[in-house]
Amino acid sequence: MTTGLVAAIERIDDIPLLLAQMEKIQLAKILDEQFPMHGNWGGLGLGHIVQVWLAYILSEGDHRLNHVEGWSSGLLMTLEQCLGRTVRALDFSDDRLASILDCLGQDDEFDRVESKLNHAVIRVYDLKIKRVRVDSTSVKSYVSVTEEGLFQFGHSKDHRPDLPQLKINQSALDPLGIPLTTTVVSGEKADDPLYIPEIRKVQQRVQTRGVLYVGDCKMASLATRAFVANSGDFYLCPLSSVQMPGAELINLLKPIWDNEQILTPVYHPLLVEHETPKQIAEGFIYTIALQSDTEINGEMFSWDEQRLVVHSFKYAAKQEKILKARVEKAQKAIAKLNQRGQGIKHLDEKELHCAVNTILKSHGINELLQIEYRKETKKTYRKAYRGREAYILIETELSVHTTLNTDIWESTVRGLGWRVYVCNDQELSLSEAVLAYRQEYLIEHGFARYKGKMLGLTPLHLGSTTRIKGLIRLLSIGLRVLCLLEFTVRNALQNNDEKLSGIYKGNSKRATARPTSEMMLKVFRGISLVIININGTKHTEITLLTPVQEKILVLLGYPTRCYYGLSGVSHKSLEALSEP
């Protein structure tokens with residue numbers, strides 16, 4: 001390393017890597033084309049400001065506007081060399097960032113940004129649009145509810161119905177989990193009507209037909225299924241208990257129990273070599289004819305639908321465990337009615353029956369327990385005392401006892417784990433459908449990232465509806481960056497048939513073929529750019545990269561020049577630093 005007086009040290013961590021990833025998808029160019037700034041703006045353009053702001057959010061897990069200017073002031077040399085232009089801390093003032101959120105909060109403008117981003121990502125990563133997941137999540141807040149505000153009371157997925165919320169409806173591309181569309185609506189909106197507009201947005205942007213849309217039971221409304229089928233696309237979703245009542249499901253399962261229906265096994269797809277295949281589910285398929293309940297394009301629409309009756313072993317075991325716990329809690333609660341002592345109310349026969357029925361109903365196990373009421377007559381001899389004659393006191397003691405109804409239990413357990421899925425793709429096999437739906441966690445993982453430390457959507461520190469929308473859309477771009485990092489590394493590891501080690505704290509030898517972005521970015525903590533003053537001239541040196549850091553850069557397709565190119569140079573563009 002060159003000797004001289006150390007003028008400053010900039011802790012750069014994962015910033016060059018994140019900026020390189022955003023440059024790869026042409027984020028700054030797309031944003032600048034959509035939001036050209038007027039001449040009085042000065043300094044960096046909107047696109048590069050967003051790049052740096054997102055790098056800050058992903059690195060620090062903090063979306064607060066008033067923290068970015070101070071953070072950037074300690075990284076000016078790094079940012080200038082990465083972006084290839086002059087950078088001022090003033091470029092990231094909270095007023096300027098608020099103006100950017102106002103831009104991103106405009107619906108039509110951001111739709112065009114999202115469309116261009118999708119095309120850039122699909123082109124750069126050579127992605128095929130075959131399967132898209134659609135779902136929604138709610139975001140709670142402690143803000144006051146206003147008549148036209150985004151935050152309203154509604155069904156809370158965070159189990160906080162006492163707090164107002166907004167909803168994020170999103171579509172994500174398999175197998176990346178990368179967002180294709182993001183829609184923000186007020187919290188009282190029902191989920192069912194959100195699916196058709198979201199699917200229509202995807203169709204308009206990807207311009208591809210034959211796509212399989214996967215969603216939960218709220219996507220299974222007849223109107224949504226008819227829309228997808230009429231569009232030339234496919235759907236896969238489970239029916240709710242309203243659409244497939246318990247009695248109807250039992251009728252479907254009866255031929256199985258009578259040994260009249262042959263079941264197709266489904267095996268786990270990720271097998272170790274020479275390992276015995278593990279069966280995870282079984283089921284059968286039947287087909288019905290459907291017709292839309294309203295006209296589509298001026299006429300009624302008819303189509304054929306596959307119904308997949310599936311028994312998931314893991315789901316059945318989970319349901320049985322929950323059912324056992326409910327039975328045990330009910331038995332304990334009923335046994336408690338037999339307690340006697342000071343301060344415990346003595347129930348008469350009517351009150352005891354009412355208390356037992358309430359317990360059974362609250363735990364939903366009315367027929368699973370056999371209830372026995374017992375009356376015990378107790379005679380106690382009382383001696384004569386002070387003029388009172390001796391007598392025999394007769395008391396009736398009521399008690400209740402429970403036993404498990406084994407016949408009902410066995411028939412109930414036999415029906416656990418079964419669910420009916422619907423799909424209009426006649427070529428989709430039972431195994432393909434089950435394995436496709438089991439990856440529903442991909443989009444849920446993205447929602448968890450919104451609320452987690454990395455993207456840090458909550459708590460929200462904004463009051464403007466437009467700016468709240470803008471922030472969520474900004475974070476949706478950040479989610480894209482995380483998904484692409486993850487996909488690229490995992491794909492490279494799979495192609496090379498290798499695993500990545502050195503990313504688990506305290507266990508450097510532990511390796512994985514499926515590292516997360518969070519784990520990999522944390523590895524870059526501690527990298528610094530040292531600015532040295534030699535005879536009045538500033539020179540830069542960077543701390544050495546570790547083998548695992550260099551390995552991650554190689555897997556991502558970035559040469560070590562992405563970091564080492566910052567050493568001893570100034571005003572190099574990120575594009576130049578990424579050259580082999």
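The values are calculated or read from the model by the stated rules, or taken from the named source; none is laboratory data. Quick caveat, the model's predicted, so the values are computed rather than measured. Positions of Cβ are generated from backbone atoms using ideal geometry, with glycine treated the same way; all protein chains shown enter the neighbour counts. Each accessible area value is taken on the protein alone, full model and side chains, heavy atoms only, with ligands, DNA and RNA left out. Shrake-Rupley method; radii C 1.70, N 1.55, O 1.52, S 1.80 Å.
Ligands, DNA and RNA left out, the accessible area of region 134-272 computed with a 1.4 Å probe is 56% carbon and sulfur. What is the log10 of I(q)/I(0) for region 326-470, computed with the Debye formula using one identical point scatterer on each Cα and no solvent, at q = 0.13 Å⁻¹? Relative scattering, expressed as log10 I(q)/I(0), comes to -0.88.
Just how many % of Cα pairs in region 433-580 lie over 21 Å apart, if you round to the nearest whole percent?
Cα-Cα pairs in region 433-580 separated by more than 21 Å: 60 percent.
For the chain, the dipole from Cβ point charges (+1 on Lys and Arg, -1 on Asp and Glu) about the Cα centre works out to 2300 debye, to the nearest 20.
Apply the Debye scattering formula to region 89-215, with a single equal point scatterer on each alpha-carbon and no solvent, then give log10 I(q)/I(0) at q = 0.22 Å⁻¹. With one equal scatterer per Cα and no solvent, log10 I(q)/I(0) is -1.23. Which residue, chosen from 72, 399, 366, occupies the Cα position most advanced towards the positive end of the dipole of the chain, where the dipole is computed from +1 (Lys, Arg) and -1 (Asp, Glu) charges on Cβ about the Cα centre? Value: 399.
For the set 130/167; 189/321; 254/321; 318/451; 201/551, the pairs lying more than 31 angstrom apart at their alpha carbons are 189/321; 201/551.
Of all accessible surface on region 65-128 at a 1.4 Å probe, what whole percent is carbon and sulfur?
Here it works out to 45 percent.
Using the empirical formula 2.2 N^0.38 Å as the baseline, the Cα radius of gyration of region 1-137 reaches a ratio of 1.18. Of interest is the spacing of the C-alpha centroids, which for region 455-476 and region 37-55 amounts to 18 Å. Long hydrophobic helices in the chain: the complete DSSP H runs spanning 20 Å or more by Cα along their own axis with mean Kyte-Doolittle hydropathy of at least -0.5 are 46-60, 349-363, 465-496.
Comparing 284, 269, 319 along the charge dipole axis of region 265-338, the residue lying farthest to the positive side is 319, per the Cβ-charge model.
For region 148-278, the orientation-averaged shadow of the C-alpha convex hull comes to 12.7 nm² (one quarter of the hull surface). Alpha-carbon geometry of region 279-400: the Rg and the Dmax are 28.5, 98 Å, given in that order.
With unit charges on the beta carbons (Lys and Arg positive, Asp and Glu negative) and the dipole taken about the Cα centre of the chain, which residue among 83, 234, 57 sits farthest to the positive side? Most positive-ward Cα: 57.
Within straight-line reach of residue 538, meaning a Cα separation under 28 Å, sit the following lysines at least 8 residues removed in sequence or on another chain: 572.
For residue 375, a cut-off of 21 angstrom between C-alpha atoms picks up these lysines, skipping any fewer than 8 places away in its own chain: 332, 336, 345, 350.
Rg/Rh, computed from the Cα trace of the chain with Rh as the Kirkwood radius, has the value 1.10.
Per residue, the solvent-accessible area of the chain (1.4 Å probe, heavy atoms of protein chains only, all protein chains present) comes to 50 Å².
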